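To start, the structure under review is shown below, and the notes come after it.
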Amino acid sequence: MRRPSILVVDDKPNMRLLFKRMLGETYDVTTAADGTIALALLEANTFDVVLSDIRMPGADGFDLMK
């Protein structure tokens, strides 16, 4: 059975690591350090859930959700 996938987008490494540790046993967790990287990941992959910070350098969380 396929595990649900989550994309975690945050410019703070400790937040990305926290989410990966909390969710990684149950979900396939992919992380991105900013919205620009996340947009590239979203074009190449399908995720069941996206968790994103709002304020980030480059493309912010609002840009990402558009």
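When nucleic acids and ligands are ignored and a 1.4 Å probe is applied, Thr36 ends up with an accessible area of around 80 Å². Report summary: the helix-based calculation at 222 nm, which adds -39500 (n - 2.57) for every DSSP H run with n ≥ 4 and divides by the residues of the chain, gives -11000 deg cm²/dmol. Placing unit charges on the Cβ atoms of the charged side chains and taking the dipole of the chain about its Cα centre, the candidate lying farthest along the positive direction among Leu18, Ile54, Leu64 is Leu18. Average projection, convex hull of the Cα set of the chain: 4.2 square nanometres. Of the listed residues Leu7, Leu42, Leu23, the order by accessible area with a 1.4 Å probe, largest first, is Leu42, Leu23, Leu7.
With a 1.4 Å probe rolled over the protein heavy atoms of all chains, the accessible area of Arg16, Arg21, Arg3, Arg55 falls in the order Arg55, Arg21, Arg3, Arg16, largest first.
The values are calculated or read from the model by the stated rules, or taken from the named source; none is laboratory data. Remember, predicted model here, so these are calculated numbers, not experimental data. Here the Cβ is made from the backbone with ideal geometry for all residues, glycine too, and neighbour counts use every protein chain on show. Accessible surface areas use protein heavy atoms only, side chains included; no ligands, DNA or RNA. Shrake-Rupley method; radii C 1.70, N 1.55, O 1.52, S 1.80 Å.
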